Amino acid sequence: ARLRDPAQRIKLKEDIRNGLPGWDNHYTAVGGDWSRMLISANNKFKGLTMDTVIAQKSQGRNPAPDPLDILFDLLIEQGGSVGTVYAHHTEADMNLAMAQPWCSIGSDGSAYAIEGPLRRGNPHPRNFGTFPRVLGGYVRERGVLRLEDAVRKMTSLNAAKLGLRDRGLLRAGNFADLALFDPERVVDRSTYEDPFRYNEGIEYVIVNGQIVLEKGHHTGTRPGRALRHHP
(Lines give C-alpha, C1' and ligand atoms only; values in the text may rest on other atoms or scores of the structure.)
Protein backbone atom coordinates (compact mmCIF):
# COMPACT_ATOMS: atom_id res chain seq x y z
CA ALA A 1 0.00 0.00 0.00
CA ARG A 2 2.83 2.41 0.81
CA LEU A 3 4.56 1.67 -2.48
CA ARG A 4 1.34 2.55 -4.35
CA ASP A 5 0.82 5.83 -2.44
CA PRO A 6 2.22 8.81 -4.47
CA ALA A 7 2.88 10.82 -1.30
CA GLN A 8 4.75 7.93 0.29
CA ARG A 9 6.78 7.48 -2.88
CA ILE A 10 8.13 11.02 -2.55
CA LYS A 11 9.40 10.26 0.95
CA LEU A 12 10.72 6.84 -0.04
CA LYS A 13 12.70 8.37 -2.90
CA GLU A 14 14.26 10.94 -0.56
CA ASP A 15 15.19 8.24 1.96
CA ILE A 16 16.73 6.02 -0.72
CA ARG A 17 18.72 8.79 -2.37
CA ASN A 18 19.89 10.46 0.85
CA GLY A 19 19.98 7.56 3.27
CA LEU A 20 18.61 7.18 6.80
CA PRO A 21 20.82 7.20 9.90
CA GLY A 22 21.37 3.68 11.21
CA TRP A 23 20.02 1.91 8.11
CA ASP A 24 22.12 0.12 5.49
CA ASN A 25 21.47 1.62 2.09
CA HIS A 26 22.51 -0.52 -0.87
CA TYR A 27 21.64 2.25 -3.32
CA THR A 28 24.12 4.73 -1.85
CA ALA A 29 26.66 1.95 -1.17
CA VAL A 30 26.99 1.32 -4.92
CA GLY A 31 26.94 5.04 -5.72
CA GLY A 32 23.43 4.94 -7.19
CA ASP A 33 24.77 2.82 -10.06
CA TRP A 34 21.97 0.52 -11.21
CA SER A 35 24.44 -1.59 -13.20
CA ARG A 36 25.96 -2.75 -9.89
CA MET A 37 22.67 -4.37 -8.79
CA LEU A 38 22.14 -7.91 -10.12
CA ILE A 39 18.78 -9.60 -9.59
CA SER A 40 19.23 -13.01 -7.97
CA ALA A 41 15.56 -13.70 -7.22
CA ASN A 42 13.83 -16.57 -8.98
CA ASN A 43 11.74 -14.45 -11.34
CA LYS A 44 11.74 -13.49 -15.01
CA PHE A 45 14.45 -10.87 -14.41
CA LYS A 46 16.95 -13.18 -12.69
CA GLY A 47 20.50 -12.65 -13.90
CA LEU A 48 19.80 -9.12 -15.17
CA THR A 49 21.24 -5.94 -13.72
CA MET A 50 18.77 -3.27 -12.69
CA ASP A 51 19.88 -0.86 -15.42
CA THR A 52 18.77 -3.49 -17.96
CA VAL A 53 15.43 -3.96 -16.21
CA ILE A 54 14.91 -0.19 -16.07
CA ALA A 55 15.71 0.11 -19.79
CA GLN A 56 13.24 -2.67 -20.64
CA LYS A 57 10.46 -1.17 -18.54
CA SER A 58 11.14 2.35 -19.90
CA GLN A 59 10.95 1.35 -23.54
CA GLY A 60 8.34 3.33 -25.47
CA ARG A 61 7.46 5.55 -22.51
CA ASN A 62 7.78 9.30 -22.98
CA PRO A 63 8.90 10.93 -20.81
CA ALA A 64 11.02 8.16 -19.36
CA PRO A 65 9.88 7.24 -15.83
CA ASP A 66 11.95 7.83 -12.72
CA PRO A 67 14.05 4.66 -12.18
CA LEU A 68 12.89 4.57 -8.57
CA ASP A 69 9.28 4.38 -9.74
CA ILE A 70 10.26 1.36 -11.81
CA LEU A 71 11.88 -0.11 -8.70
CA PHE A 72 8.69 0.45 -6.68
CA ASP A 73 6.54 -1.06 -9.44
CA LEU A 74 8.85 -4.09 -9.59
CA LEU A 75 8.59 -4.55 -5.83
CA ILE A 76 4.79 -4.43 -6.04
CA GLU A 77 4.84 -6.91 -8.91
CA GLN A 78 7.07 -9.31 -6.95
CA GLY A 79 5.23 -9.10 -3.64
CA GLY A 80 7.49 -6.59 -1.92
CA SER A 81 10.87 -8.33 -2.15
CA VAL A 82 13.42 -8.95 -4.90
CA GLY A 83 16.65 -10.74 -3.99
CA THR A 84 19.61 -8.79 -5.36
CA VAL A 85 23.40 -8.96 -5.43
CA TYR A 86 25.11 -5.59 -4.88
CA ALA A 87 28.65 -4.84 -6.03
CA HIS A 88 29.66 -2.88 -2.93
CA HIS A 89 33.39 -3.42 -3.10
CA THR A 90 36.12 -2.86 -5.66
CA GLU A 91 38.96 -5.31 -6.22
CA ALA A 92 41.30 -2.85 -4.50
CA ASP A 93 39.04 -2.99 -1.43
CA MET A 94 39.20 -6.79 -1.44
CA ASN A 95 42.98 -6.88 -1.79
CA LEU A 96 43.42 -4.47 1.10
CA ALA A 97 41.04 -6.37 3.39
CA MET A 98 42.49 -9.75 2.45
CA ALA A 99 46.00 -8.71 3.42
CA GLN A 100 45.07 -7.70 6.99
CA PRO A 101 46.18 -10.38 9.50
CA TRP A 102 42.99 -9.97 11.58
CA CYS A 103 40.61 -10.29 8.62
CA SER A 104 39.16 -13.81 8.43
CA ILE A 105 37.41 -15.34 5.43
CA GLY A 106 33.89 -16.74 5.44
CA SER A 107 30.64 -16.70 3.51
CA ASP A 108 26.98 -16.14 4.32
CA GLY A 109 26.05 -18.27 1.32
CA SER A 110 23.18 -20.73 1.28
CA ALA A 111 22.80 -24.40 0.36
CA TYR A 112 22.45 -24.61 -3.42
CA ALA A 113 23.07 -27.35 -5.97
CA ILE A 114 23.59 -27.31 -9.74
CA GLU A 115 20.42 -29.37 -10.26
CA GLY A 116 17.25 -30.39 -8.49
CA PRO A 117 15.20 -28.41 -5.95
CA LEU A 118 18.28 -26.61 -4.60
CA ARG A 119 18.83 -24.93 -7.96
CA ARG A 120 16.81 -21.73 -7.90
CA GLY A 121 17.16 -18.06 -8.81
CA ASN A 122 20.49 -16.53 -9.83
CA PRO A 123 22.46 -16.59 -6.57
CA HIS A 124 25.75 -14.92 -5.74
CA PRO A 125 28.72 -17.04 -6.86
CA ARG A 126 29.98 -17.07 -3.25
CA ASN A 127 27.49 -19.89 -2.65
CA PHE A 128 29.72 -22.18 -4.74
CA GLY A 129 33.18 -20.67 -4.86
CA THR A 130 34.18 -18.49 -1.89
CA PHE A 131 37.12 -20.50 -0.61
CA PRO A 132 38.43 -21.83 -3.95
CA ARG A 133 38.38 -18.25 -5.22
CA VAL A 134 40.70 -17.22 -2.43
CA LEU A 135 42.98 -20.24 -2.79
CA GLY A 136 43.10 -20.13 -6.58
CA GLY A 137 42.78 -16.42 -7.30
CA TYR A 138 44.18 -14.45 -4.40
CA VAL A 139 46.85 -16.98 -3.37
CA ARG A 140 48.07 -18.84 -6.46
CA GLU A 141 47.39 -16.35 -9.25
CA ARG A 142 47.79 -12.94 -7.62
CA GLY A 143 49.96 -13.61 -4.59
CA VAL A 144 47.90 -11.36 -2.33
CA LEU A 145 48.18 -14.00 0.43
CA ARG A 146 50.48 -16.85 1.32
CA LEU A 147 48.74 -20.22 1.27
CA GLU A 148 49.26 -20.82 4.99
CA ASP A 149 47.84 -17.40 5.85
CA ALA A 150 44.75 -18.03 3.70
CA VAL A 151 44.16 -21.40 5.36
CA ARG A 152 44.51 -19.82 8.83
CA LYS A 153 41.96 -17.13 7.91
CA MET A 154 39.47 -19.82 6.81
CA THR A 155 39.96 -22.16 9.77
CA SER A 156 41.53 -21.37 13.13
CA LEU A 157 40.97 -17.60 12.97
CA ASN A 158 37.28 -18.09 12.25
CA ALA A 159 36.93 -20.71 14.99
CA ALA A 160 38.60 -18.41 17.52
CA LYS A 161 36.40 -15.44 16.56
CA LEU A 162 33.21 -17.49 16.82
CA GLY A 163 34.17 -19.25 20.05
CA LEU A 164 34.15 -22.74 18.51
CA ARG A 165 36.08 -25.11 20.73
CA ASP A 166 38.19 -28.01 19.44
CA ARG A 167 37.83 -26.98 15.81
CA GLY A 168 39.87 -25.09 13.25
CA LEU A 169 43.23 -26.76 13.99
CA LEU A 170 44.79 -30.12 13.15
CA ARG A 171 45.46 -31.24 16.70
CA ALA A 172 44.98 -34.42 18.72
CA GLY A 173 41.60 -34.38 20.44
CA ASN A 174 40.04 -31.87 18.03
CA PHE A 175 37.10 -32.68 15.77
CA ALA A 176 38.38 -34.05 12.46
CA ASP A 177 37.08 -31.45 10.00
CA LEU A 178 39.35 -31.50 6.95
CA ALA A 179 39.34 -30.20 3.39
CA LEU A 180 42.02 -31.72 1.15
CA PHE A 181 42.73 -29.75 -2.01
CA ASP A 182 45.30 -29.50 -4.76
CA PRO A 183 46.87 -26.01 -4.44
CA GLU A 184 47.86 -26.07 -8.11
CA ARG A 185 44.34 -26.82 -9.37
CA VAL A 186 41.86 -25.44 -6.85
CA VAL A 187 39.72 -22.76 -8.49
CA ASP A 188 36.17 -21.41 -8.49
CA ARG A 189 34.02 -21.78 -11.62
CA SER A 190 30.87 -19.97 -10.49
CA THR A 191 30.25 -16.52 -11.98
CA TYR A 192 27.61 -13.81 -11.60
CA GLU A 193 26.19 -14.73 -15.01
CA ASP A 194 26.49 -18.51 -14.54
CA PRO A 195 26.53 -19.22 -10.79
CA PHE A 196 25.54 -22.91 -10.85
CA ARG A 197 29.01 -24.34 -11.32
CA TYR A 198 30.97 -26.34 -8.77
CA ASN A 199 34.58 -25.52 -8.03
CA GLU A 200 37.55 -27.72 -8.94
CA GLY A 201 40.55 -29.04 -7.05
CA ILE A 202 38.97 -30.07 -3.73
CA GLU A 203 39.49 -33.82 -3.53
CA TYR A 204 38.19 -34.79 -0.09
CA VAL A 205 36.07 -33.24 2.65
CA ILE A 206 35.95 -34.92 6.05
CA VAL A 207 33.40 -33.77 8.64
CA ASN A 208 33.57 -35.05 12.22
CA GLY A 209 35.91 -37.80 11.05
CA GLN A 210 33.69 -39.08 8.23
CA ILE A 211 34.35 -38.71 4.50
CA VAL A 212 31.63 -36.57 2.90
CA LEU A 213 33.31 -35.71 -0.41
CA GLU A 214 35.56 -38.30 -2.07
CA LYS A 215 37.33 -37.51 -5.34
CA GLY A 216 34.74 -34.80 -6.00
CA HIS A 217 31.70 -37.00 -5.32
CA HIS A 218 29.36 -36.78 -2.33
CA THR A 219 29.26 -40.01 -0.36
CA GLY A 220 25.77 -39.43 1.02
CA THR A 221 27.11 -39.23 4.56
CA ARG A 222 25.77 -36.31 6.64
CA PRO A 223 27.75 -36.14 9.91
CA GLY A 224 27.53 -32.36 10.31
CA ARG A 225 26.02 -30.62 13.31
CA ALA A 226 25.06 -27.10 14.34
CA LEU A 227 27.95 -25.43 16.16
CA ARG A 228 27.42 -23.29 19.24
CA HIS A 229 29.49 -20.41 20.52
CA HIS A 230 31.41 -20.99 23.75
CA PRO A 231 32.63 -17.93 25.66
Inset, instruction - Select from the stretch 44-57 the residues that are open to solvent by 20 Å² or more (accessible area, probe 1.4 Å) and within 14 Å of residue 85 (Cα to Cα) and list them in ascending order. - result: 46, 47, 48, 49, 51
Legend entry - Candidate set from the stretch 128-177 (those that are among the hydrophobic types (A, V, I, L, M, F, W, C) and not in a helix (DSSP H, G or I)); member that is least open to solvent (accessible area, probe 1.4 Å): 145
Legend entry - Any pair with Cβ under 8 angstrom, 6 or more apart, that starts in the stretch 158-181 at a residue that is under 14 Å from residue 208 (Cβ atoms) and ends at one that is aliphatic (A, V, I, L, M) and assigned to a loop (DSSP other than H, G, I, E, B): 164/227; 167/227; 178/170
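State the number of residues belonging to the stretch 9-29 that are aliphatic (A, V, I, L, M), at pLDDT 95 or above and open to solvent by less than 60 Å² (accessible area, probe 1.4 Å). Steps first, answer last, please.
So the first thing to find is which residues in the stretch 9-29 are aliphatic (A, V, I, L, M), and the list is 10, 12, 16, 20, 29.
Those left that are additionally at pLDDT 95 or above: 10, 12, 16.
The next check asks that each one be open to solvent by less than 60 Å² (accessible area, probe 1.4 Å); those that pass are 12, 16.
Number of matching residues: 2.
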Inset, instruction - Assess whether residue 114 counts as being open to solvent by 50 Å² or more (accessible area, probe 1.4 Å), aliphatic (A, V, I, L, M), in a loop (DSSP other than H, G, I, E, B) and in contact (Cβ under 8 Å) with a residue 24 or more places away in the chain. - result: yes
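On the basis of being open to solvent by 40 Å² or more (accessible area, probe 1.4 Å) and closer than 20 Å to residue 125 by Cβ, does residue 40 make the cut?
Values: open to solvent by 40 Å² or more (accessible area, probe 1.4 Å): no; closer than 20 Å to residue 125 by Cβ: yes.
No; evaluated as a whole, the condition is false for this residue.
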Legend entry - Complete set of residues in the stretch 204-218 that are farther than 24 Å from residue 166 by Cβ and either among the aliphatic types (A, V, I, L, M) or more than 23 Å from the chain's Cα centre (by Cα) (or both): 214, 215, 217
Inset, instruction - Please enumerate the residues belonging to the stretch 14-66 that are on the phi > 0 side of the Ramachandran plot and over 20 Å from the mean Cα position of the chain (by Cα). - result: 19, 22, 32, 60
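Please verify whether residue 78 is out of contact with any Phe, Trp or Tyr (no Cβ under 8 Å at 6 or more places or on another chain), surrounded by 15 or more Cβ atoms within 10 Å (Cβ to Cβ) and over 30 Å from residue 133 (Cα atoms), treating the condition exactly as stated. So that I can check it myself, show each step before the final result.
On the way: out of contact with any Phe, Trp or Tyr (no Cβ under 8 Å at 6 or more places or on another chain): yes; surrounded by 15 or more Cβ atoms within 10 Å (Cβ to Cβ): yes; over 30 Å from residue 133 (Cα atoms): yes.
Judged against the criteria, residue 78 is a match.
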Legend entry - The lone exception for residue 120 - which of (1) of a type in the set (Lys, Arg); (2) surrounded by 14 or more Cβ atoms within 10 Å (Cβ to Cβ); (3) not in a loop (DSSP other than H, G, I, E, B) it fails: (3)
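The values are calculated or read from the model by the stated rules, or taken from the named source; none is laboratory data. This is a predicted model, so every value here is computed, not measured. Please note: Cβ atoms are built from the backbone with ideal geometry, for glycine as well, and neighbour counts cover all protein chains shown. Keep in mind that these areas ignore ligands, DNA and RNA; they rest on the heavy atoms of the full protein, side chains included. Shrake-Rupley method; radii C 1.70, N 1.55, O 1.52, S 1.80 Å.
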